[in-house]
Structure formats: C-alpha cells, structure tokens
Amino acid sequence: MQDTELQTQIIEEIKQIPDDKLVEIYDLIHYFRLGLNQEIQKTKPQNSFLETYINKPIKLSQFTPLNRDDIYER
C-alpha cells in the first residue's frame, strides 16, 4: 500500500468519527507525532566536544610558538 492510499484511508476513517470525539483523536495524533520527533532527535549523534576535534582537527599552524621565557616564568 502506498503512502497516499494510506493517508486517504486514514482521512476517511477520521471523517467517520463523531465531532465530539475529534479533540481526542487530534490529541492522540499530535502527541504521537511529537513523540516520534523526540525519538528521531535522540537517535541523531550529539556533536560533543571530542567529536568536533576528531572530525575537524586543530592544525599546528594555529598555535603560537612559545619561547623560553613563556615556559619558565619567574
């Protein structure tokens, strides 16, 4: 069954629901969809500090060389 056929069937079923029950159906669908969105976000990899530097290493040219006085401050 294709998505558009299934959507059409769902809409036809919803049309047969009494008007006083539509709020409950809306809440069910709405919160179900929100739950799916949260589930998708949890499965996405988090861009942690470590992943940032693994995927985009620091180049040595970004560092300022230290001189002897910087190392042995008095």
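Looking only at region 24-49, which residues are open to solvent by 100 Å² or more (accessible area, probe 1.4 Å) and modelled with pLDDT of 85 or more?
At the first step, the residues of region 24-49 found to be open to solvent by 100 Å² or more (accessible area, probe 1.4 Å) are 24, 26, 28, 31-33, 38-39, 41-47, 49.
Across region 24-49, the qualifying residues are 24, 26, 28, 31, 32, 33.
Within region 5-19, is even one residue polar (S, T, N, Q), at pLDDT below 90 and open to solvent by less than 90 Å² (accessible area, probe 1.4 Å)?
no
The values are calculated or read from the model by the stated rules, or taken from the named source; none is laboratory data. These figures come from a predicted structure and were not determined experimentally. These accessible areas exclude ligands, DNA and RNA; they are computed on the full protein's heavy atoms, side chains included. Shrake-Rupley method; radii C 1.70, N 1.55, O 1.52, S 1.80 Å.
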